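Participant: Okay, handing you the structure first.
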Amino acid sequence: MHRYFCTYFDYNYLVYAKILSQSLIVYQPKHTLYIVCMDTKAFEVLEENPIPNTVVFAHQELTQFRPALNKIKSERNPAEYFFTCSAQVCAFILNKNPDIDILNYVDADLCFYSTPEPLFKELDKASIGIIPHGFHWTNRSKIKYGKFNVGWISFRNDLQGIQCITDWSNDCIDWCFQKLEKGRYADQKYLDYWPEKYDKLKILKHKGANVAIWNIKKYKLHTKGNQIFIDELPLIFYHFAGLKQLRPSLFH
């Protein structure tokens, strides 16, 4: 089945996005990855050297769709502006492509290691799919920033899926700052309230999805052949949040 993903990034994250795309090509060959480039440099590079299976949009197209972003960009710091745009990108892509059945927002710093089809099976007929951080006890205090991670969110193109995107978009336009305030934090803590707000939401619990620095200590990692396993389940994707490339062969 053909699957639809969307992401956004500036030139600084282009290398991560290429890895994301390459991994999708291997493990989800029938897909389209919609990309919103947040700066001119990323857009020009991808226009000149397109990534297979992608459709690329310029940042200007996003702001034309959501004019309020022009003012917000001058009022929030760069990270806060990016957080504000997560929901706007989802709304923009569905508006441009109304025939999409399920739109899956993915952060640009994900890499797939096996097919994501188990997540779609788990989603079943639900309208919204979100993934808990699943913090290891050493990171448990970070739950104050949100129970769920924005790295992967599935939105079915139905009434509740669209309503969720609309509500999230409006919430982030109204308030999206890199601080804890009145039960909010950036774009992420809004997800805490979704399970009570939307009755067609599914919390996706596959251990192999959204493995990251904040939860990896919970699991036993091992390999069978070329496959990485998280406990007894295949690793679906790893979220390389915060990873920095210092030199060609050195990461931190």
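The values are calculated or read from the model by the stated rules, or taken from the named source; none is laboratory data. Model, not experiment: these values are computed from the prediction. All Cβ positions, even for glycine, are placed from backbone atoms using ideal geometry, and neighbour counts span all protein chains on display. Calculation scope for accessible area: heavy atoms of the full protein, side chains included, ligands and nucleic acids excluded. Shrake-Rupley method; radii C 1.70, N 1.55, O 1.52, S 1.80 Å.
Participant: Could you calculate the FRET efficiency of M1 with N95 from 1/(1 + (r/R0)^6), where r is the beta carbon distance between them and R0 is 22 Å, rounded to 0.05?
Facilitator: Taking R0 as 22 Å, the efficiency between M1 and N95 is 0.45.
Participant: In region 170-238, which GluC sites (Glu not before Pro) fall in coil by DSSP and have 13 or fewer other Cβ atoms within 10 Å?
Facilitator: Within region 170-238, the qualifying GluC sites (Glu not before Pro) (loop, at most 13 other Cβ atoms within 10 Å) are E232.
Participant: Give me the distance in nm between label points sitting 7 Å out from Cα along the Cα-to-Cβ direction at Y11 and N77, one decimal.
Facilitator: Going from the Y11 label point to the N77 one covers 2.3 nm.
Participant: Hey, another quick one. When a/c is below 1.5 the answer is rounded, else prolate if a/b is larger than b/c, else oblate, so apply that to region 7-50 with a ≥ b ≥ c taken from the square roots of the Cα gyration tensor eigenvalues.
Facilitator: Verdict is prolate for region 7-50.
Participant: How much solvent-accessible surface does K96 expose, in Å² to the nearest 10, with a 1.4 Å probe and all protein chains in place?
Facilitator: About 100 Å², ignoring ligands and nucleic acids.
Participant: Choose one answer from K121, K147, K73: the residue with the largest mean-square fluctuation in a GNM of the chain with alpha-carbon springs under 10 Å.
Facilitator: K121
Participant: Which listed residue (I35, C85, G151) has the Cα farthest towards the positive end of the charge dipole for the chain, taking +1 on Lys and Arg C-beta and -1 on Asp and Glu C-beta about the Cα centre?
Facilitator: Of the candidates, G151 comes out farthest on the positive side.
Participant: Now, a different point. If a/c stays under 1.5 just call it rounded; otherwise compare a/b with b/c (prolate if a/b is bigger, oblate if not). Do that for region 111-242, with a ≥ b ≥ c from the square roots of the Cα gyration tensor eigenvalues.
Facilitator: oblate
Participant: Could I ask something else about it? On a 1.4 Å probe surface of the protein chains, which of R140, R184 comes out largest in accessible area, and what is the full order?
Facilitator: Result, largest first: R140, R184.
Participant: With contacts defined as alpha carbon pairs under 8 Å and 6 or more residues apart, what's the relative contact order of the chain in percent? Please list the in-between numbers first.
Facilitator: Numbers: 438 pairs, mean separation 50.6, N = 252.
Taking the mean separation of contacting Cα pairs over the length of the chain, I get 20 percent.
Participant: Sticking with this structure for a sec: At I173 and I25, where each label point lies 7 Å from the Cα along Cα→Cβ, what is the point-to-point distance in nanometres?
Facilitator: Each label point lies 7 Å from its Cα, and together they span 3.7 nm.
Participant: Given L235, T138, I213, which one lies farthest toward the positive end of the charge dipole of the chain, if we put +1 on the Cβ of every Lys and Arg and -1 on the Cβ of every Asp and Glu?
Facilitator: Toward the positive end, the furthest listed residue is T138.
Participant: With springs connecting C-alpha atoms under 10 Å apart, model the chain as a Gaussian network and identify which of A58, A186, A79 has the largest mean-square fluctuation.
Facilitator: A79
Participant: Computed FRET efficiency, Cβ-Cβ of H136 and I203, R0 25 Å: what is it to the nearest 0.05?
Facilitator: Once rounded, the FRET efficiency stands at 0.85.
Participant: With charges set only on the Cβ (+1 for Lys and Arg, -1 for Asp and Glu), what does the dipole of the chain come to about its Cα centre, in debye to the nearest 20?
Facilitator: The calculated dipole for the chain is roughly 920 debye.
Participant: For the chain, list the cysteines whose Cβ sits under 4.7 Å from no other cysteine Cβ?
Facilitator: Unpaired cysteines in the chain: C6, C37, C85, C90, C111, C164.
Participant: Less than 10 Å Cβ to Cβ from G151, Lys/Arg counted +1 and Asp/Glu -1: what total charge do the surrounding residues give?
Facilitator: Local charge sum for G151: -2.
Participant: Between Y145 and N49, what FRET efficiency follows from the Cβ-Cβ distance if R0 is 41 Å, with the result rounded to 0.05?
Facilitator: Calculated value: 0.70.
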